[in-house]
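Every number here is computed from the coordinates shown, using simple stated rules; none is lab data. All of these numbers come straight from a predicted model, not from anything done at the bench. Quick reminder, even Gly has a Cβ in these numbers, built from the backbone with ideal geometry, and neighbours come from all protein chains shown.
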Amino acid sequence: MTQYRLSGFIRSNIEPILQAWEDFARTIEPPALTMDDTGLRDHAQQMLLVMADDLCTPQTEHERAAKSKGLGQREHADSAAEVHAEARLLSGYTVVQLVSEYRALRASVLTLWAADCARPHGRDTADVTGIADIARFNEAVDQALAESVARYESMVKRSQNMFLAILGHDLRNPLGTVMTGSNFIMEATDIPPKYVLVATRMFNSARRMGKLVSDLIDFTRSHLGPGIPIRVKTCNLVTVCEQVVNELRTFHPEMQIDLQAPASLEAVCDEGRIAQVLSNLAGNAIQYGDVALPVRIALTDENDDLVIAVNNHGPLIAPEKLAAIFDPMVRIADSARHGASEQTSLGIGLFISREIIHAHSGRIEVTSSPARGTTFTITMPRLRHGAAPGAMAGDDTGRAPC
């Protein structure tokens, strides 16, 4: 009897396989019910033919193992499975519904093949070759499924980040109007003090909202582009630190904030971004530090590097959390688990700080111990010999070159 392989069965029975798969797809509501036959079968035939070709292609055990994990080699930039995932996402499918389609496709092929092999012209499915074909087919389905889910997830993340970027950008103008108007009222001398007090509260609230919006925009930039952009120039880093510390002392008079720094320290960096990092780290130290003990900020010059350390004494960071402390949204997730109801930021300040320091070709680390408290340490080149990704050289005014 002529050997009958699964690859040949797929090619010869594309129509009934697709019909069985389409019947299942129509049970998924509501998107499938609004699509025509062509839409329901989009790319499914291409995937089946790719799987049939794969069954006829010799491969090593290592290649088989890689495919079963969705790590098989690819010949094209966009596979049929990835294009299929994009179409399903745009049609309103959830990732669960997308995965269920692959279960249906697998079941359709194997059920029809088993029935065909039971006929007189068929062959025993228990044959060693048949079992090998089933294993190879499952590996091919797993590869396609992994490609589809990865593309689906990537598109969802990108659309979410794009939405956040647009939202953050569009919030800037109305916030600016609120801040300008409230500041105008604050400076007025011919109105009752109670209105000035209300305007001051409005200004401070809008200022906090502005920081949230800036963090949101920086977060989406780091996900949608090459990283957070910086404009570097020569500056006195001691002056930058003093400005940040004085601002923090004004807004947190209850805290003692000590700054240890030399009289002057020149560096080539984006002073605005470094001020943002220092404000984030010091603000974090103030929020979580013991009010009875000072927050200490130290700026030193070590060989060709500059080092900024921010230290506070308060609740220690658990060792298992240190590795993920710079991941975005970590604090929000942690607060949600513990039932915290008040949030003063998006929980992405440390992530943004790390991205800014990386853009300066530096690194940021954290240690936490009972004896020394919690210390965030920034180490970065004092003089830049090459621009990091996302960095733009600027003149002494901080403007980017034309």
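Sketch the reach of a paramagnetic label on ILE185 as a point 7 Å from Cα along Cα-to-Cβ, and name the residues of segment 191-213 whose backbone nitrogen lies under 13 Å away. Within reach of a label on ILE185, which here means backbone N under 13 Å from a point 7 Å along Cα→Cβ, segment 191-213 contributes 191-206.
When CYS269, CYS235 are sorted by how many other C-beta atoms sit within 10 angstrom of their C-beta, beginning with the fewest, the order is CYS235, CYS269. The label point for VAL307 and the one for ALA107, both projected 7 Å from the Cα toward the Cβ, are 6.2 nm apart. Maximal additional length on extending the LEU90-ARG207 stretch stands at 38.3 nm, based on 0.36 nm per residue less the C-alpha distance. Per-residue extension of 0.36 nm, minus the Cα-Cα distance of TYR288 and GLU15, leaves a gain of 91.8 nm for this segment.
Across segment 291-306, rounded Karplus estimates of 3J(HN,Hα) from the backbone phi angles (6.51 cos²θ - 1.76 cosθ + 1.60, θ = phi - 60°) give 5, 7, 10, x, 8, 10, 10, 10, 10, 9, 10, 10, 6, 9, 10, 10 Hz, Gly and Pro being marked x. Label sites at LEU322 and GLU63, each approximated as a point 7 angstrom past Cα along Cα to Cβ, lie 4.5 nm apart.
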